[in-house]
Amino acid sequence: MKRIPIFLLFLIISCTPGRDEVIQDIDQRLQFYIQDQNGQDLLIPGDSLGYAGSINLFDLNADRVNVPISGITYKLDSTSMHHYMEYIGGATRILADSIDEGKKIYFSDYLMTMKKNMQAAVADSDTVHIVYQWTPALFQVSQVEVNKKTVFTKNSDSQNKIILVK
């Protein structure tokens, strides 16, 4: 009969969730679709009139000025017709309200700078404000503002899809 080493047994026991533990769902992915006024996709790779690959995010709540946020990715939606930029996280989250022990509100702010064809002279900048709700069972985006205008409010299980017109 083989014997299990003590450290392996301890590792197995310590990684086993308890019966009372709640597994928290996390819903924080944001999909930014950027279009012109005619509905044309401005995130097509290689398009000199678009912003693909030339979007930078800067954390407005960081300890220092101009702290870049990494981790944005460019993707194609399920119809393979529209490109979007996906933001998962990275900006500093500030606790705004924790009066109720079972519910907390956080927010993040960042500056989104978009350059057409990587030209510094042609740039758009937007301020993004994200509000998150936390409960023991769920952490999710609840609202997004761009330039102080609400562009997204969470309802049920919908995707966190935001369309910006440039």
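Couple of notes before you dig in:
- For ALA62, the requirement of being touching a strand residue (DSSP E or B) at 6+ places or on another chain (Cβ under 7 Å) and in contact (Cβ under 8 Å) with a residue 12 or more places away in the chain is not met.
- If only residues of the stretch 71-88 that are within 20 Å of ILE26 (Cβ to Cβ), buried (at least 16 other Cβ atoms within 10 Å of the Cβ) and in contact (Cβ under 8 Å) with a residue 40 or more places away in the chain are counted, the one that is nearest to the chain's Cα centre (by Cα) is TYR87.
- Only residues that are aliphatic (A, V, I, L, M) and farther than 23 Å from LEU95 by Cβ were counted across the stretch 123-159, and they come to 2.
- ILE105 more than 25 Å from GLN35 (Cβ to Cβ), touching a Leu at 6+ places or on another chain (Cβ under 8 Å) and not charged (D, E, K, R): yes
- Test result for TYR110, over 22 Å from LEU42 (Cβ atoms) and either part of a strand (DSSP E or B) or of a type in the set (A, V, I, L, M, F, W, C) (or both): no
- Selection count, the stretch 153-163, where residues are surrounded by 14 or more Cβ atoms within 10 Å (Cβ to Cβ) and either without any contact (Cβ under 8 Å) to a residue 24 or more places away in the chain or in a loop (DSSP other than H, G, I, E, B) (or both): 2
- Within the stretch 42-70, restricting attention to residues that are of a type in the set (Asp, Glu) and modelled with pLDDT under 95, the residue that is surrounded by the fewest Cβ atoms within 10 Å (Cβ to Cβ) is ASP63.
The values are calculated or read from the model by the stated rules, or taken from the named source; none is laboratory data. For clarity, every value in this text was computed on a predicted model and none was experimentally measured. Every residue, glycine as well, gets a Cβ built from its backbone with ideal geometry; the counts of neighbours run over all protein chains shown.
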